1. Just the residues that are out of contact with any Asp or Glu (no Cβ under 8 Å at 6 or more places or on another chain) and part of a loop (DSSP other than H, G, I, E, B), please, taken from region 285-309.
2. Mind listing whichever residues of region 337-386 are in contact with a Gly (Cβ under 9 Å, 6 or more places away or on another chain), farther than 16 Å from Gly479 by Cα and not small (Gly, Ala, Ser)?
3. Does Val48 satisfy the condition of being within 26 Å of Ala432 (Cα to Cα), aliphatic (A, V, I, L, M), touching a residue at least 40 places away in the same chain (Cβ under 8 Å) and open to solvent by 90 Å² or more (accessible area, probe 1.4 Å)?
4. So for region 94-103 (the condition being under 18 Å from Arg417 (Cβ atoms) and of a type in the set (Ser, Thr, Tyr)), does at least one residue qualify?
5. Looking at (1) open to solvent by 70 Å² or more (accessible area, probe 1.4 Å); (2) under 30 Å from Arg504 (Cα atoms); (3) touching a residue at least 60 places away in the same chain (Cβ under 8 Å); (4) not acidic (Asp, Glu), find the lone condition where Arg103 falls short.
6. Quick check on my filter: what residues within region 135-153 are open to solvent by 90 Å² or more (accessible area, probe 1.4 Å) and either closer than 18 Å to Gly391 by Cα or among the basic types (Lys, Arg) (or both)?
7. Would you confirm whether any residue within region 384-393 is under 14 Å from the mean Cα position of the chain (by Cα) and among the charged types (D, E, K, R)?
Amino acid sequence: MTKTLIPNEFLVKIDHIRCRRCKRCILNCGFGVLNFQDRIVADHSKCVACHRCATFCPEGAIWIERNPLCFKPNAHWTPESIKAIYKQAETGGVLLTGMGNDRPYVNYFDHLVLDACQVTNPSIDPLREPMELRTYLGSKPNSLQVETVETKEGSYALATRLSPQIKLETPIIFAGMSFGSISLPAHKALARAAHLSGTLMNTGEGGLHRELYPYSSNIIVQVASGRFGVNQEYLDRAAAIEIKIGQGAKPGIGGHLPGEKVNQEVSQTRMIPAGTDALSPAPHHDIYSIEDLSQLIYALKEATRYTKPVGVKISAVHNAAAIASGIARAGADFVYLDGFRGGTGAAPTIIRDHVGIPIEMAIAAVDDRLRQEGIRNQVSLIAAGGFRHSGDVAKAIALGADIVAIGTAALIAMGCRLCQKCYTGNCSWGIATQRPELVQRLDPEEATERLVNLLRGWSLELKEILGALGVNAVESLRGSRERLRGIGLNQVELEILGVKPAGR
């Protein structure tokens, strides 16, 4: 085609009086937007609003604006719908995107508010009183048996043999993001930050690079449908193992890492040829029932001598509660629920935006179902899918989650601008790319510090929330929906969430 009909999404504005023509903006742009023709000029069609040029312009002479070009207002045919049709009419392909669902669906966290103590039930000052965020990941027994140990003092010992547990200093872990979809410095930063913060990072389905071995005690390794990088050493190096069945950003479909991002290191880590596309099948070809899933869970437990928790990750979909029940009964130690705002490196836009359910509904439904069946203690419940701040974390725990996983928030902490172009491999910030000149831009030491600070800030805020609620341990908030109230929700939504309306 001679000319595209797609209008530019953004416009790059340059103040040529302030510009010193140092060309730093050209060097920093990973998308090739800028070039020099006696002055800096921009190809607006390539701009994705990643802000790299504006951030590093020493004179502050660059800024990005949304293209004000208007379409005639139409409540049904939005500009996004029209531009999507233009793109597919020109390419004939599936439209891809990155990150989580950005459609304006109801955000239930924004319609929930927390309780606070007044007069009769005094609050607790977290600056003066000890507050407990420690959380244990793993299956808990139905009851405990204690036996008497014959000593001079006559003491007691726990007779019940516990399933493997992982001690976390905060109920926040890092979500699964694979090496290949993100760079090695980003993976190293996540592993180091998890190690320093006493929590966990998750390899995603991309295998475990050798440079992450020193942080093995803080790493969940993933066994996904492609089985990339899975071998005995991979399993032995993990603190926990996660079988990935689904992902919130793309329920029901597999994954695709373009061959351009499979360099020599990604190739060795994933155990696939360099330069070839890494295709993950939609289903596991050995799992077509809960019984099949149970076989894989116990195969992994056998392979690791029953020393590590083995869990299952699923997308939040309509029947998530029944699926989670089956997973618990299949012998898993944890269930990882990924809501439809969960991030991804690449997904068909139509799937990301129209499949799945909000994580708030899924947490409540799964927690209810497991409690009704008397098996809630058998699994830890990890929730993920667009957590933006510690308020979301506290509400998720009150709804029934044991642990919250953050992915997009972690990437933003490292510098991500949420331009949603991860699938192109051109990330100017060195996060979602394998291009050597871009990867080296991310300093893993600095990224580690930023991640540790984020976890510390959120953890301190969680303690403030607990103090306001008058409890001194996150355990006391877990599943306590009486401490939540709904605003602007209808009766059905309140019933599903299990919360009362504000004022009751």
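The values are calculated or read from the model by the stated rules, or taken from the named source; none is laboratory data. These numbers were taken from a predicted model, which means no experiment stands behind them. Note that each Cβ is placed from the backbone with ideal geometry, even for glycine, and that neighbours are counted across all protein chains shown. Accessible surface areas use protein heavy atoms only, side chains included; no ligands, DNA or RNA. Shrake-Rupley method; radii C 1.70, N 1.55, O 1.52, S 1.80 Å.
1. Correct list: His285, Ile287, Tyr288, Ser289, Arg305, Tyr306, Thr307, Lys308.
2. Asp338, Phe340, Arg341, Thr344, Ile351, Arg352, Val355, Ile357, Pro358
3. On the way: within 26 Å of Ala432 (Cα to Cα): yes; aliphatic (A, V, I, L, M): yes; touching a residue at least 40 places away in the same chain (Cβ under 8 Å): yes; open to solvent by 90 Å² or more (accessible area, probe 1.4 Å): no.
In short, no.
4. Yes, because at least one residue in region 94-103 is under 18 Å from Arg417 (Cβ atoms) and of a type in the set (Ser, Thr, Tyr).
5. (2)
6. Within region 135-153, the first condition is being open to solvent by 90 Å² or more (accessible area, probe 1.4 Å), and the residues that meet it are 136, 142, 144-148, 150, 152-153.
Scanning region 135-153 gives a single hit, Lys152.
7. Going residue by residue through region 384-393, those that are under 14 Å from the mean Cα position of the chain (by Cα) are 384-389, 392-393.
Right, trim to among the charged types (D, E, K, R) and you get 388, 392.
Yes: region 384-393 contains one or more residues that are under 14 Å from the mean Cα position of the chain (by Cα) and among the charged types (D, E, K, R).
For (1) among the polar types (S, T, N, Q); (2) in a loop (DSSP other than H, G, I, E, B); (3) without any contact (Cβ under 8 Å) to a residue 40 or more places away in the chain, each residue gets a yes or a no:
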site	(1), (2), (3)
Gly342	no, yes, no
Ile350	no, no, no
Ala362	no, no, no
Asp368	no, no, no
Gly374	no, yes, yes
Ala383	no, no, no
Asp392	no, no, no
Lys395	no, no, no
Ala405	no, no, no
